[in-house]
Amino acid sequence: MAKKILVVDDDPVIVKYLVSVFEDNGYETCTADTGTEAYEVLEREKPDLITLDLEMPEEWGTRFYRKFTKHDEYKDLPVIVISGLSGRHQALKNVVAALAKPFDPDKVVALVRKTIGDP
(Lines give C-alpha, C1' and ligand atoms only; values in the text may rest on other atoms or scores of the structure.)
Protein backbone atom coordinates (compact mmCIF):
# COMPACT_ATOMS: atom_id res chain seq x y z
CA MET A 1 0.00 0.00 0.00
CA ALA A 2 1.41 3.39 -1.02
CA LYS A 3 2.14 5.97 1.63
CA LYS A 4 -0.40 8.76 1.87
CA ILE A 5 0.13 12.52 2.06
CA LEU A 6 -2.49 15.01 3.26
CA VAL A 7 -2.18 18.28 1.34
CA VAL A 8 -3.70 21.19 3.30
CA ASP A 9 -3.90 24.46 1.38
CA ASP A 10 -6.70 26.87 0.44
CA ASP A 11 -5.24 27.59 -3.02
CA PRO A 12 -6.70 25.04 -5.47
CA VAL A 13 -3.82 25.58 -7.90
CA ILE A 14 -1.25 24.68 -5.21
CA VAL A 15 -3.31 21.67 -4.13
CA LYS A 16 -3.63 20.37 -7.68
CA TYR A 17 0.09 20.89 -8.29
CA LEU A 18 1.20 19.13 -5.09
CA VAL A 19 -1.23 16.25 -5.68
CA SER A 20 0.19 15.85 -9.19
CA VAL A 21 3.80 15.95 -7.94
CA PHE A 22 3.15 13.39 -5.19
CA GLU A 23 1.06 11.04 -7.33
CA ASP A 24 3.63 11.20 -10.14
CA ASN A 25 6.13 9.94 -7.55
CA GLY A 26 3.90 7.07 -6.40
CA TYR A 27 2.33 8.52 -3.26
CA GLU A 28 -1.38 8.53 -2.50
CA THR A 29 -2.93 11.86 -1.59
CA CYS A 30 -5.88 13.37 0.17
CA THR A 31 -6.66 17.07 0.44
CA ALA A 32 -8.30 19.74 2.57
CA ASP A 33 -8.67 23.47 1.98
CA THR A 34 -9.31 24.58 5.56
CA GLY A 35 -7.96 23.58 8.95
CA THR A 36 -11.43 22.41 9.97
CA GLU A 37 -11.73 20.13 6.96
CA ALA A 38 -8.14 18.97 7.44
CA TYR A 39 -8.93 17.52 10.85
CA GLU A 40 -11.86 15.55 9.41
CA VAL A 41 -9.70 14.23 6.56
CA LEU A 42 -6.89 13.41 9.00
CA GLU A 43 -9.18 11.21 11.09
CA ARG A 44 -10.71 9.51 8.05
CA GLU A 45 -7.61 8.99 5.90
CA LYS A 46 -4.79 8.47 8.46
CA PRO A 47 -2.02 9.98 6.28
CA ASP A 48 1.68 9.29 6.76
CA LEU A 49 2.65 12.97 6.32
CA ILE A 50 1.00 16.40 6.03
CA THR A 51 1.98 19.38 3.89
CA LEU A 52 0.50 22.41 5.58
CA ASP A 53 -0.21 25.96 4.49
CA LEU A 54 -0.44 28.39 7.39
CA GLU A 55 -2.77 31.14 6.18
CA MET A 56 -6.21 29.73 5.39
CA PRO A 57 -9.84 30.73 5.94
CA GLU A 58 -11.79 29.51 8.97
CA GLU A 59 -8.90 27.91 10.84
CA TRP A 60 -5.27 28.74 10.21
CA GLY A 61 -2.71 26.00 9.75
CA THR A 62 -1.04 26.82 13.06
CA ARG A 63 -4.28 26.23 14.93
CA PHE A 64 -4.95 22.98 13.08
CA TYR A 65 -1.38 21.84 13.89
CA ARG A 66 -1.75 22.59 17.58
CA LYS A 67 -5.14 20.86 17.65
CA PHE A 68 -4.08 17.57 16.05
CA THR A 69 -0.73 17.28 17.83
CA LYS A 70 -2.52 17.21 21.19
CA HIS A 71 -3.77 13.73 20.30
CA ASP A 72 -1.33 10.90 21.01
CA GLU A 73 -2.02 9.10 17.73
CA TYR A 74 -1.07 12.19 15.69
CA LYS A 75 1.57 13.95 17.83
CA ASP A 76 4.47 12.42 15.88
CA LEU A 77 2.90 12.80 12.42
CA PRO A 78 5.47 14.57 10.23
CA VAL A 79 4.55 17.98 8.82
CA ILE A 80 6.14 20.01 6.05
CA VAL A 81 5.02 23.63 6.13
CA ILE A 82 4.61 25.20 2.67
CA SER A 83 3.55 28.79 3.07
CA GLY A 84 3.82 32.28 1.70
CA LEU A 85 4.14 33.62 5.25
CA SER A 86 7.74 33.91 6.27
CA GLY A 87 8.72 33.07 9.82
CA ARG A 88 5.27 31.83 10.89
CA HIS A 89 6.44 28.21 11.00
CA GLN A 90 8.58 29.14 14.00
CA ALA A 91 5.40 29.03 16.08
CA LEU A 92 5.20 25.30 15.34
CA LYS A 93 7.34 22.75 17.09
CA ASN A 94 8.79 19.69 15.43
CA VAL A 95 7.99 20.40 11.78
CA VAL A 96 10.19 18.51 9.32
CA ALA A 97 10.82 21.61 7.21
CA ALA A 98 9.32 24.94 6.26
CA LEU A 99 9.35 25.94 2.60
CA ALA A 100 8.37 29.26 1.11
CA LYS A 101 6.05 29.59 -1.87
CA PRO A 102 6.99 29.29 -4.64
CA PHE A 103 8.73 26.03 -3.84
CA ASP A 104 10.90 23.55 -5.70
CA PRO A 105 8.85 20.36 -6.25
CA ASP A 106 12.01 18.22 -6.32
CA LYS A 107 12.96 19.54 -2.90
CA VAL A 108 9.49 18.71 -1.54
CA VAL A 109 9.66 15.15 -2.88
CA ALA A 110 13.18 14.73 -1.48
CA LEU A 111 11.96 15.86 1.95
CA VAL A 112 9.01 13.48 1.78
CA ARG A 113 11.26 10.56 0.81
CA LYS A 114 13.73 11.40 3.58
CA THR A 115 10.91 11.61 6.11
CA ILE A 116 8.57 8.71 5.25
CA GLY A 117 10.52 6.78 2.64
CA ASP A 118 9.53 5.67 -0.83
CA PRO A 119 5.87 5.08 -1.62
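The values are calculated or read from the model by the stated rules, or taken from the named source; none is laboratory data. None of the values given here were measured: they were computed from a predicted structure. Cβ sites come from the backbone with ideal geometry, for glycine too, and all protein chains shown count toward neighbours.
Residues checked against (1) outside any helix (DSSP H, G or I); (2) among the aliphatic types (A, V, I, L, M):
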| position | (1), (2) |
| --- | --- |
| Thr36 | no, no |
| Glu73 | yes, no |
| Lys93 | yes, no |
| Val112 | no, yes |
Which of the residues that make up segment 57-83 are closer than 14 Å to Ile14 by Cβ and touching a Phe, Trp or Tyr at 6+ places or on another chain (Cβ under 8 Å)? Ile82
Considering only residues that are more than 11 Å from the chain's Cα centre (by Cα) and touching a residue at least 12 places away in the same chain (Cβ under 8 Å), look in segment 7-18 and name the one that is surrounded by the most Cβ atoms within 10 Å (Cβ to Cβ). Ile14
Return the residue satisfying two criteria in turn: it lies in segment 72-119 and is of a type in the set (S, T, N, Q) and at pLDDT below 95, and of such residues it is nearest to the chain's Cα centre (by Cα). Ser83
Among the residues listed as Thr62, Thr31, Thr51, the single one being surrounded by 18 or more Cβ atoms within 10 Å (Cβ to Cβ) and more than 14 Å from Leu6 (Cβ to Cβ): Thr62
Can you go through Val41, Val96, Val21 and tell me which one is in contact with a Pro (Cβ under 9 Å, 6 or more places away or on another chain) and either farther than 21 Å from Leu111 by Cα or among the aromatic types (Phe, Trp, Tyr) (or both)? Val41
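Can you tell which of Gly35, Gly26, Gly84 is on the phi > 0 side of the Ramachandran plot and in contact (Cβ under 8 Å) with a residue 12 or more places away in the chain?
On the way: Gly35 fails: on the phi > 0 side of the Ramachandran plot; Gly84 fails: on the phi > 0 side of the Ramachandran plot.
Only one candidate passes the filter, namely Gly26.
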